[in-house]
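Notes follow the structure.
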Amino acid sequence: MTDEANFAEQVVNDKNKTNVRCQFCNSLMLKAKEGTYSEQKIAVPLMVQKKDSKADALNTETLHHFWLVEDMMSFENIGFSHTVDGRKFLVCADCERGPVGYHELASKRCYLALKRVVHADA
């Protein structure tokens with residue numbers, strides 16, 4: 001995962017400087033310059049939940065830094081998980097780990113959390 005202290009290094013002209021990859025399997029999710037930097041305050045479910053957690057009682061963390069992807073076809077490798085409150089969660093399509101962000105059903109925009117991915121060209 002990318003450390004919050006290094007987020008500024010990943011943004012060039014409001015775009016992602018390098019490729020965005022899964023932190024678990026290194027699968028390419030988004031190519032460089034395909035995402036636009038966006039700051040907002042959104043509660044996203046933790047990547048590891050208690051076994052008895054229900055969809056309406058998920059443990060969450062508030063994330064602030066995202067790559068905005070206007071067209072879901074811009075992704076190289078992304079999967080969609082459960083729908084909660086008008087959002088589908090984004091997961092790695094190869095290892096199915098996540099959520100790494102979310103997809104707003106109303107606007108059709110996707111938000112990939114900088115904190116939940118790795119930024120690396122290779």
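The values are calculated or read from the model by the stated rules, or taken from the named source; none is laboratory data. As the structure is a prediction and not an experimental result, all values here were calculated from the model. Note that we place each Cβ from the backbone using ideal geometry, even for glycine, and neighbour counts take in every protein chain shown. Note: areas computed on protein heavy atoms with side chains; ligands, DNA, RNA excluded. Shrake-Rupley method; radii C 1.70, N 1.55, O 1.52, S 1.80 Å.
In the context of the full set of protein chains, the chain has a per residue accessible area of 57 Å² (1.4 Å probe). Amide hydrogen proximity for G101: with H placed 1.01 Å from N in the peptide plane, the residues at 5 or more positions away or on another chain lying under 5 Å are L90, A113. Which one is right for this structure if Cα Rg over 2.2 N^0.38 Å is calculated from it: (i) 0.98; (ii) 1.44; (iii) 1.07? Only one listed value fits the structure, namely (i).
Heavy atoms only, 1.4 Å probe, whole protein assembly: order E96, E9, E61, E34 by accessible area, highest first. Could you put the intermediate results ahead of the total?
Numbers: E96 140, E9 110, E61 45, E34 80 Å².
The most accessible residue leads, giving E96, E9, E34, E61.
Isolated cysteines in the chain, defined as those with no second cysteine Cβ under 4.7 Å, comprise C110.
Using a cutoff of 8 angstrom between alpha carbon atoms and counting only pairs six or more residues apart, the relative contact order for the chain works out to 29 percent. Computed over the chain with a Gaussian network model linking Cα atoms closer than 10 Å, the most mobile of N13, N59, N26 is N13.
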